[in-house]
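First comes the structure, then the notes that go with it.
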Amino acid sequence: MGKLSARDGDRIIEILGAGDDLPVDYKNILFPPEKKEYELVYAGKERQEDILADTISVPLQPVKTFGTNGNGWTNKLIFGDNLQAMKSLLDEPSIKGQVKLIYIDPPFGTGDQYDAKGDIPAYSAKMQGVKFVDFLRKRLFFLKELLSKEGCLFVRIDYHFGHYIKMILDEIFDKNNFRNEIVVKRGQSKAGFFKQFEKIRSIAVSYDTIFWYSKNSDSRFLKIKKDAPIKDQTHGKWMNLIKARAYKRPTMQYEILGIKKDAPWMWSKERSYKAIENYNEFLKKKGDSHTSLEEYWDDSEKSLEFVRRKGNQIQYWIPPRDSVLVDNNWLDIKGYSHLTNYPTENSEELLDRILQVTEKGDMVLDAFAGSGTTLAVAEKLGRRWVGIDCGKLAMYTIQKRMLNLKTEIGNKGKRLKAKPFTLYSAGLYDFKQLRKLAWGDWCKFALLLFNCRDKKHKVGGVELDGFRGNSDALVFNHLKDAKLVLDYGFVDDLHSHIGSKVSREFFIIAPAAKVMFLEDYIDKGRTRYYILRIPYSIINELHNKDFAAIRQPVDESQVNDTVDAVGFDFIRPPKVVCEYYREKPKGQLYEVASIKIKTFKSEAMLKGASQLGNRESLSMVMVDFNYKNNDTFNLDKVFYASDIEKNKWEVHLPVEAFKDKIMIIYLDIYGNEYREIKTLKDFKKGKK
């Protein structure tokens with residue numbers, strides 16, 4: 001226990017005696033964090049126990065399953081803040097402690113603009129310093145909980161914060177579970193662009209770092225290989241049999257062909273002598289036929305080993321080989337790719353190499369899924385997968401990618417039909433779908449939504465549905481009687497039965513349309529009855545952190561910005577009014593189909609949303625040029641709000657891109673969509 005003053009002690013006794021919660025300030029005094037050999041210390045750093053306990057979980061609402069869903073495992077793509085989503089996954093027995101490999105490429109948190117393509121900025125991660133370190137640290141705790149005992153984690157990071165994140169990883173995973181630091185190519189090098197003789201501040205950065213950790217120090221993984229050089233695939237080569245390191249090992253120190261070294265040989269005496277016999281046999285059979293050692297070895301079913309003396313060296317023969325083991329220098333492959341045109345898209349070659357440590361059927365997770373490279377490669381290699389991302393652009397990019405896979409790495413070869421996967425929403429819900437649930441499913445979802453434990457029990461003869469913390473919770477049964485409403489009389493009647501038997505807080509969860517008063521809570525005696533409405537954003541009074549919505553980007557530079565959402569909200573399509581016409585813009589050779597966005601207003605019931613002016617809440621416009629009437633949006637083109645504004649709020653679509661019908665999605669900054677289906681006939685000639 002930390003040092004506790006008499007004043008603090010008296011205050012704690014007073015608070016506990018009143019039945020109130022202790023302030024957060026007292027946590028580290030009463031329950032100090034475990035002291036470590038070394039650790040990164042910064043302001044506001046929380047204990048692991050508090051992070052795991054205080055993080056709000058949000059239920060996963062199925063949106064759509066792609067492919068036929070059998071009774072077994074279905075891959076999962078989750079839209080939402082990964083912290084809240086991972087808290088929910090800890091309640092899934094099929095996932096918690098079952099993930100074999102996690103790969104994450106989080107935003108690097110520097111504020112710098114990263115250039116993946118070599119010409120335009122890919123993104124600017126604006127979360128900096130302690131805020132970024134703490135953001136990632138919280139998520140690493142949950143990632144560790146999801147890993148299996150034999151699992152491992154790969155974290156891609158750059159030079160700005162790599163040293164800080166390494167210390168955080170040592171703290172969470174233990175320094176003894178550090179496996180490797182791997183260097184991977186960043187993008188096109190800028191070294192050649194410096195003017196000759198010009199003084200410089202620093203040299204160009206050409207690589208990122210990947211930290212590899214295991215959950216346990218005794219875990220072992222499959223070997224990681226790469227293609228051998230072309231020459232090595234057709235020809236063998238001779239290497240010295242002596243150990244590079246000189247240390248005493250008597251059983252490995254013996255004479256070979258008249259030579260004895262102070263250092264041990266690589267092989268046992270029996271193995272070496274047998275290899276000498278094999279080589280002598282080859283020399284006898286070779287005779288005048290000029291048969292090569294490769295041909296002789298190949299005819300011998302590729303099982304023989306050979307040792308010879310050459311000068312003062314004893315050598316062993318390495319036969320032709322298709323692959324070789326990798327070291328930690330991975331600059332031989334691309335680190336980024338442009339298959340989907342998503343900013344900072346990791347290459348399939350990189351993930352193919354990483355996933356070699358897993359086996360078919362293993363579960364792979366990416367909590368910053370982005371363009372979906374991890375998921376696509378996992379699918380090609382027969383691994384199960386879970387992907388999480390807070391961006392709608394990422395969801396549609398991944399959705400299209402998974403539905404248009406090809407068998408080979410780099411998305412080449414024959415078409416590959418992806419196994420069934422389900423798209424989930426975590427934190428932004430479709431209330432229309434919730435209303436269709438049967439009572440049992442509705443009750444469970446409602447409890448999860450407000451972080452209540454699903455546990456039936458009775459108080460004063462009244463059947464209750466669960467607990468929020470140590471307080472009782474009741475889910476209002478709106479399906480039992482269509483005429484039943486939650487009014488003051490309902491609360492009075494409930495209090496008369498249970499008022500003396502419950503704690504200072506009681507929670508009633510109900511559809512907003514069934515609640516006949518405006519207050520968030522009603523006080524009766526010593527008990528406060530909180531009314532948790534659905535649909536309704538979180539009641540800030542009940543949490544240490546205010547509600548914070550997922551924010552969608554308005555510019556390509558914001559696509560990979562970090563998101564730290566709290567709570568949940570419900571889908572409310574924005575108000576959209578547009579004009580549609582065809583024209584040939586000045587200075588252009590071809591006709592375009594133009595969309596003039598006259599009105600765009602978010603209808604989200606979030607703090608500050610109503611104060612945004614016309615079109616200020618627009619995030620982007622996404623287009624599918626070949627919509628097939630199957631409710632599957634195939635993203636072809638994205639227009640960011642910043643670019644649309646520069647173009648006087650017009651979106652220009654190439655006429656030749658139209659197939660039959662197109663689908664247009666107008667997205668607000670909170671993730672709400674307004675959809676339209678159009679044909680070229682809907683675009684009239686000339687502006688209005």
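The values are calculated or read from the model by the stated rules, or taken from the named source; none is laboratory data. The structure presented is a predicted model; accordingly, all values stated were derived computationally and were not measured. We place every Cβ from the backbone using ideal geometry, glycine too, and count neighbours over all the protein chains shown.
When I522, I509 are screened for being part of a strand (DSSP E or B), closer than 20 Å to G440 by Cβ and in contact with a Lys or Arg (Cβ under 9 Å, 6 or more places away or on another chain), only I509 passes. Checked against the criterion of being closer than 19 Å to N341 by Cα and not hydrophobic (A, V, I, L, M, F, W, C), the range 414-426 contains not a single residue that satisfies it. Cβ separations smaller than 7 Å between residues 6+ apart or across chains give the following pairs from the range 445-470 residues that are in the same structural domain as Y530 (by TED's automatic domain parsing) to residues that are of a type in the set (D, E) and at pLDDT 90 or above: L447/D454; L447/D465; K456/E463; K456/D465; V459/D472; L464/D472; G466/D454. Residues in the range 150-181 that are in a strand (DSSP E or B) and in contact with a Leu (Cβ under 9 Å, 6 or more places away or on another chain): 8 in all. Counting only residues that are within 22 Å of P535 (Cβ to Cβ) and in a helix (DSSP H, G or I), how many does the range 489-506 have? Of the residues in the range 489-506, 2 are within 22 Å of P535 (Cβ to Cβ) and in a helix (DSSP H, G or I).
Within the range 613-642, if we keep just the residues that are in a strand (DSSP E or B) and among the polar types (S, T, N, Q), the residue that is surrounded by the most Cβ atoms within 10 Å (Cβ to Cβ) turns out to be S619. Scanning the range 242-272 for residues that are within 53 Å of the chain's Cα centre (by Cα), modelled with pLDDT of 90 or more and in a loop (DSSP other than H, G, I, E, B) yields W267, S268. If you go through the range 500-513 and keep only what is surrounded by 17 or more Cβ atoms within 10 Å (Cβ to Cβ) and over 38 Å from the mean Cα position of the chain (by Cα), you end up with just V502. Test S323 against the criterion of being loosely packed, with under 15 Cβ neighbours inside 10 Å, at pLDDT below 95 and farther than 15 Å from L153 by Cα, and give yes or no. Spelling it out, S323 is indeed loosely packed, with under 15 Cβ neighbours inside 10 Å, at pLDDT below 95 and farther than 15 Å from L153 by Cα. Restricting attention to the range 364-385, the residues that are of a type in the set (A, V, I, L, M) and surrounded by fewer than 24 Cβ atoms within 10 Å (Cβ to Cβ) add up to 1. The combined condition, being among the hydrophobic types (A, V, I, L, M, F, W, C), at pLDDT below 90, over 24 Å from R383 (Cβ atoms) and not assigned by TED's automatic domain parsing to the domain that holds I182, is not fulfilled by A116.
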